[in-house]
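What follows is a single structure, written as structure tokens, with notes after it.
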Amino acid sequence: MFRVVKPKSVEEFNAYYTFRWTYLRQPWNFPPGSEKDEYEQVAEHRMIINSAGDIVACGRVHLNTAEEAQIRHIAVHADFQRKGLGQMILGALEAVARDLGAIRAVTNSRELSIPFFTACGFAVEREAPTELGTLRRQQMVKKLSDLSSLVMHPNWCKELQKTWSDTIPITDHMGIKIHQFTGRTLETRASLNKNINIHGTMFAGSIFSLATLTGWGMIFLQLKEKNVRGDIVLGDGDIHYHKPITMKPRAICNIESLSGKLGLLDKNKKAKLTLQVDILDGDDPVAEFKGVYWVLPPKKVSKDDSEEE
């Protein structure tokens, strides 16, 4: 299980900077401290941790202007590469940039990283200044205002939203909307005003519903991705609450947390899937949901049922 978190304590920032230096500066023999620059205090920092609490990826974003965000210092632990964590941390930084009002993101990429950023929607614009005087880079740009940069497979997402509205009416009552789908991460958001209790916080039941629907939605989109059909039902759900939600309810499900065998549906057998959904209030983690879902094979229509009378 992997989670995107924001370093807050001195200890967390020390670990974050050590990780950055280890993967972005030490290989070129630059000393500790070279991983920092003059933008650290005004930047937003994010890191991915595993179930043991170890940092496995990191990145940073800051505003150059009111409309342009600069993404820097993306690194992934050597033992966790090619698992989608680069896209996961980049997606989190882009989400922060949008919340800050940016409509375009730039990054100065080394030659080895250009294919990664190209695959994530960036395009080379021009040559950038060398890094630390020696490392050549290209400036790459991505428009954050494009729908395709926010939602992959918009037709699937539109169908999911309509399915929720038609078959699970509580979705509309809670104001639950798909905010982002990258192919690997699904983020939904809910209206606090529609789910607020007498204490000015979100109902615990509403938080649970937001989590279960987000997990349900991730499986729905994976069925589309695999081009298989099935009926999704919640088998079991366990949620741990840490803090109340008082501002911006968000739910995030990453494909790395999803496990199970959808191939069983091809054998007309039900498939058991487990996943995790992280609940946040803005950028602050407030709860974790672990769900067990069953995907049931579609019912076969008999010849008699299909014939017209």
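See the values below:
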read-out: In the range 189-203, the residues that are in contact (Cβ under 8 Å) with a residue 40 or more places away in the chain and either out of contact with any Gly (no Cβ under 7 Å at 6 or more places or on another chain) or aromatic (Phe, Trp, Tyr) (or both); value: 189, 192, 195, 199, 200, 201, 202
read-out: Some residue of the range 185-196 being crowded, with 18+ Cβ neighbours inside 10 Å and farther than 22 Å from residue 234 by Cβ; value: yes
read-out: The range 22-80, subset within 20 Å of the chain's Cα centre (by Cα) and of a type in the set (Gly, Ala, Ser), residue surrounded by the fewest Cβ atoms within 10 Å (Cβ to Cβ); value: 52
read-out: Residues of the range 236-259 satisfying the condition of being modelled with pLDDT under 95 and of a type in the set (Gly, Ala, Ser); value: 257, 259
read-out: Any chance residue 207 is modelled with pLDDT of 95 or more and out of contact with any Gly (no Cβ under 7 Å at 6 or more places or on another chain); value: yes
read-out: Only one of 229, 250 that is of a type in the set (Lys, Arg), closer than 22 Å to residue 163 by Cβ and under 16 Å from the mean Cα position of the chain (by Cα); value: 250
read-out: Qualifying residue in the range 184-201 (condition: at pLDDT below 90 and either in contact with a Lys or Arg (Cβ under 6 Å, 6 or more places away or on another chain) or of a type in the set (D, E, K, R) (or both)); value: yes
read-out: Positions within the range 96-119 being within 23 Å of residue 37 (Cβ to Cβ) and outside any helix (DSSP H, G or I), in sequence order; value: 100, 101, 102, 104, 105, 106, 107, 108, 109, 110
read-out: Search result, residues across the range 30-50 that are without any contact (Cβ under 8 Å) to a residue 60 or more places away in the chain and among the hydrophobic types (A, V, I, L, M, F, W, C); value: 42, 43, 47, 48, 49
read-out: Which numbered condition residue 60 fails, given (1) within 21 Å of residue 257 (Cα to Cα); (2) modelled with pLDDT of 95 or more; value: (1)
read-out: Index of the failed condition, residue 268 passing every other in (1) in contact with an Asp or Glu (Cβ under 9 Å, 6 or more places away or on another chain); (2) over 20 Å from residue 156 (Cβ atoms); (3) polar (S, T, N, Q); value: (1)
read-out: Spans of strands (runs of 3 or more DSSP E) in the range 164-274 with at least 2 residues over 22 Å from residue 99 (Cα atoms); value: 231-241
read-out: Criterion (surrounded by fewer than 18 Cβ atoms within 10 Å (Cβ to Cβ) and on the phi > 0 side of the Ramachandran plot) met by exactly one of 235, 200; value: 200
read-out: Where a residue in the range 235-250 is under 21 Å from residue 198 (Cβ atoms) and its partner, wherever it lies, is part of a strand (DSSP E or B) and among the basic types (Lys, Arg), with Cβ under 9 Å and at least six apart; value: 248/189; 249/189
read-out: The range 161-202, residues that are more than 14 Å from residue 250 (Cα to Cα) and aromatic (Phe, Trp, Tyr); value: 164
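The values are calculated or read from the model by the stated rules, or taken from the named source; none is laboratory data. Since the structure is predicted, the reported quantities are computational estimates derived from the model, not experimental observations. With ideal geometry, Cβ positions are generated from the backbone for all residues, glycine too; neighbour counts draw on all protein chains shown.
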